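S.K.: Sending over a structure as structure tokens; questions will come in a sec.
The values are calculated or read from the model by the stated rules, or taken from the named source; none is laboratory data. Worth saying up front: this structure is predicted, and the values here are computed from it rather than measured. Reconstructed Cβ throughout: ideal geometry from the backbone, glycine too, with neighbour counts over all protein chains shown. Heavy atoms of the whole protein, side chains included, go into the accessibility calculation; ligands, DNA and RNA do not. Shrake-Rupley method; radii C 1.70, N 1.55, O 1.52, S 1.80 Å.
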Amino acid sequence: MGLFGPQDPSENIMLFISWGLWWTSIVLSWFFVGRMWCGVCPFPGIGRIFQKLGLYRKKLPKQIFLKYCAYGATILLAFILWVEAVTHMKYSPFLTSLLLIAILVGATIFAILYKGQAWCRHFCPMGKIIGAAATMSILEFRPLLEKCRGCKTFPCKRGKGNISGCPVYLGAYAVNNNLLCLVCGHCVYLCDRDSPRLFLRHPLKELIINKGRHLTCIYIIPFLMAAQLARFVQEKTSWYQSFKTFLGNSEALAFTVILGLWFIFFLGIIRLGKLFIFSEDELFGKFSPMVSVLVPMAFSGELIYRLEYVLYEVGNFFPVFGRQFGFNLESLGFVIPACLISFVLKIITILGGIGAFYVAWIFYSQEFEGMVPKKNFFVIVGLIILVSILYFSFI
């Protein structure tokens with residue numbers, strides 16, 4: 001539909017399906033089912049067919065690849081967000097199709113080069129952001145380790161008979177967070193000990209336990225928040241056009257400058273908390289608890305950005321569908337009041353701020369009890385309020 005259909009956004013429904021229904025549904029799924037979307041994602045589909053036919057190298061990625069792939073995936077995610085903004089991709093059916101095809105090609109190539117779903121675990125840019133966001137899910141998929149003790153064959157990881165094992169080389173016994181597990185269910189029917197289970201949990205539990213120990217999150221979170229505010233500036237402020245004209249009418253240059261400034265701003269936010277600076281841990285290496293404080297705001301911010309598009313465009317769904325396929329469905333169009341949209345987005349912003357405050361309070365009062373001066377905690381609260389005000393100002 002995107003490649004060969006109408007290129008006028010008001011006549012091609014694939015834009016709303018892709019950026020509205022699909023992507024917004026994925027964002028919403030983060031908070032409820034973690035990475036379960038990755039378990040049904042269509043992008044690895046062609047690669048799975050190649051593997052079923054035996055047309056692939058039956059090898060695992062090399063260790064040096066595993067060491068640096070997270071950085072590559074983070075850079076690729078940054079590139080996608082940048083291209084989306086400077087090309088106004090969500091208004092271009094053709095460019096949206098190219099993005100979908102590029103991700104499909106990447107997943108297929110990796111399926112030919114390596115067994116399982118190496119793309120999903122190591123290099124998928126969407127997987128990295130979904131994995132980071134899944135730390136806030138109310139569901140977790142975990143083994144009952146007492147049932148795993150004594151297991152010699154590990155079918156959940158290696159497979160059994162003609163049934164392949166975990167597509168991302170984990171196995172149920174190794175799942176201790178929501179970052180990597182796709183919640184695909186392979187291990188459920190492979191395990192003869194009835195170990196893998198879904199559990200309800202406090203949505204901020206994993207953030208508090210991990211304390212920002214995963215380096216990719218440290219880069220993804222400030223960049224994601226910077227990208228959100230840069231897109232808000234691009235789409236909602238009058239001075240942005242004047243700024244772009246000053247820079248030779250270059251969308252790429254103007255957006256890059258704004259994005260870079262916001263990225264520096266959020267890196268500064270991470271550094272300002274005194275306690276919440278990059279810390280060293282003998283077991284976990286570098287980590288920054290301030291990243292965990294920002295996570296609820298980062299992903300509520302992404303939900304705000306995507307949901308706003310949906311709420312403004314959903315009333316055009318049937319009219320656009322009709323124009324594309326030759327039906328008169330204009331009478332089915334409707335408009336959601338702007339005040340209602342603003343109210344919904346502000347509630348989400350408030351919830352993100354409350355989540356950030358809760359994580360900061362738990363760190364201050366329990367996890368690092370007695371280690372954080374009270375004035376430091378007030379600084380952190382002030383930073384949370386500052387970021388919340390910034391999001392409010394663009395709603």
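S.K.: Based on the mean of other Cβ atoms within 10 Å per residue, sort peptides 71-79, 30-38, 334-342 so the most packed one is first. Display every interim value, and only then the final one.
M.R.: Details: 71-79: 17.0, 30-38: 22.0, 334-342: 11.6.
Averaged packing, sorted descending, gives the order 30-38, 71-79, 334-342.
S.K.: Another question, then. Considering every Cα-Cα pair within region 80-197, what fraction, in whole percent, is farther apart than 18 Å? Write out the running numbers ahead of the final one.
M.R.: Working: 4126 of 6903 pairs.
Every Cα pair in region 80-197 considered, those over 18 Å come to 60 percent.
S.K.: Can you pull the Kirkwood radius for region 120-159, inverse mean 1/r over Cα pairs, to one decimal in Å? If you can, show how the numbers build up before the last one.
M.R.: Working: mean 1/r = 0.0784 Å⁻¹.
Roughly 12.8 Å, rounded to one decimal.
S.K.: Return, for the Cα atoms of region 1-71, the radius of gyration and Dmax in Å, separated by a comma.
M.R.: Reported Rg and Dmax, both Å: 17.5, 48.
S.K.: Another one. Give, rounded to the nearest 20 debye, the magnitude of the charge dipole that region 7-79 has about its Cα centre when Lys and Arg contribute +1 at Cβ and Asp and Glu contribute -1 at Cβ. Intermediate values should be presented prior to the final figure.
M.R.: On the way: 8 positive and 2 negative charges, 170 e Å.
The dipole of region 7-79 has a size of about 820 debye.
S.K.: Then there's this: How much solvent-accessible surface does residue 169 expose, in Å² to the nearest 10, with a 1.4 Å probe and all protein chains in place?
M.R.: Near enough 40 Å² of accessible area.
S.K.: Students sometimes get this wrong: rank 128, 160 by accessible area, probe 1.4 Å, all chains present, largest first. Mind dumping the intermediate values first?
M.R.: Details: 128 35, 160 90 Å².
These residues rank, largest area first, as 160, 128.
S.K.: I need the semi-axes of the equivalent ellipsoid of the chain: take the C-alpha gyration tensor, multiply each eigenvalue by 5, square-root it, list largest first in whole angstrom. Don't jump to the answer; show the numbers that get you there.
M.R.: On the way: eigenvalues 232, 187, 79 Å².
Largest first, the chain gives 34, 31, 20 Å.
S.K.: Then there's this: By average Cβ neighbour count within 10 Å, what is the ranking of 321-331, 371-381 from highest down?
M.R.: Numbers: 321-331: 13.0, 371-381: 14.8.
In decreasing order of mean packing, 321-331, 371-381 become 371-381, 321-331.
S.K.: Roughly how compact is region 9-157, stated as its Cα Rg over 2.2 N^0.38 Å to two decimals? Walk me through the numbers on the way to the answer.
M.R.: Working: Rg = 17.5 Å, N = 149, 2.2 N^0.38 = 14.7 Å.
Normalised Rg, Cα atoms only: 1.19.
S.K.: Can you compute the helix-only [θ] at 222 nm over the chain? Use -39500 (n - 2.57) per DSSP H run of at least 4 residues, normalise by all residues, nearest 500 deg cm²/dmol.
M.R.: Details: 17 runs with 228 residues, N = 395.
So the calculated ellipticity at 222 nm is -18500 deg cm²/dmol.
S.K.: Could you work out which residue, out of 313, 206, 302, moves most in a Gaussian network model of the chain, that is, has the largest mean-square fluctuation with Cα springs under 10 Å?
M.R.: The residue with the greatest mean-square fluctuation here is 313.
S.K.: Let me ask something additional. Hey, how many Å between the Cα centroid of region 154-213 and the Cα centroid of region 304-369?
M.R.: Their Cα centres are 31 Å away from one another.
S.K.: Over 21 Å between Cα atoms: which of 157/205; 52/128; 52/157; 59/160; 128/152 fall into that group?
M.R.: Values: 157/205 26 Å; 52/128 26 Å; 52/157 18 Å; 59/160 18 Å; 128/152 31 Å.
From the list (157/205; 52/128; 52/157; 59/160; 128/152), the Cα-Cα distance tops 21 Å for 157/205; 52/128; 128/152.
S.K.: Still on this structure, I have one more. Quick one: Karplus J couplings for region 248-259, per residue in order, coefficients 6.51, -1.76, 1.60, θ = phi - 60°, nearest Hz, x for Gly and Pro?
M.R.: Coupling constants for region 248-259: x, 6, 9, 4, 4, 5, 4, 5, 4, 4, 4, 4 Hz.
S.K.: A further question follows. State the answer as a single residue: which of 315, 179, 354 lies farthest towards the positive end of the charge dipole of the chain, with beta carbon charges of +1 for Lys and Arg and -1 for Asp and Glu, about the Cα centre.
M.R.: 179
S.K.: Additional query: With a 1.4 Å probe and every protein chain left in place, tell me how much accessible area residue 238 has, in Å² to the nearest 10.
M.R.: Roughly 100 Å² of residue 238 is accessible to a 1.4 Å probe.
S.K.: Still on this structure: Based on a Kirkwood Rh over C-alpha pairs, give the Stokes-Einstein translational diffusion coefficient of region 67-106 at 37 °C and viscosity 0.692 mPa s in µm²/s.
M.R.: Values: Rh = 10.9 Å.
Once the numbers are plugged in, D ends up at 302 µm²/s.
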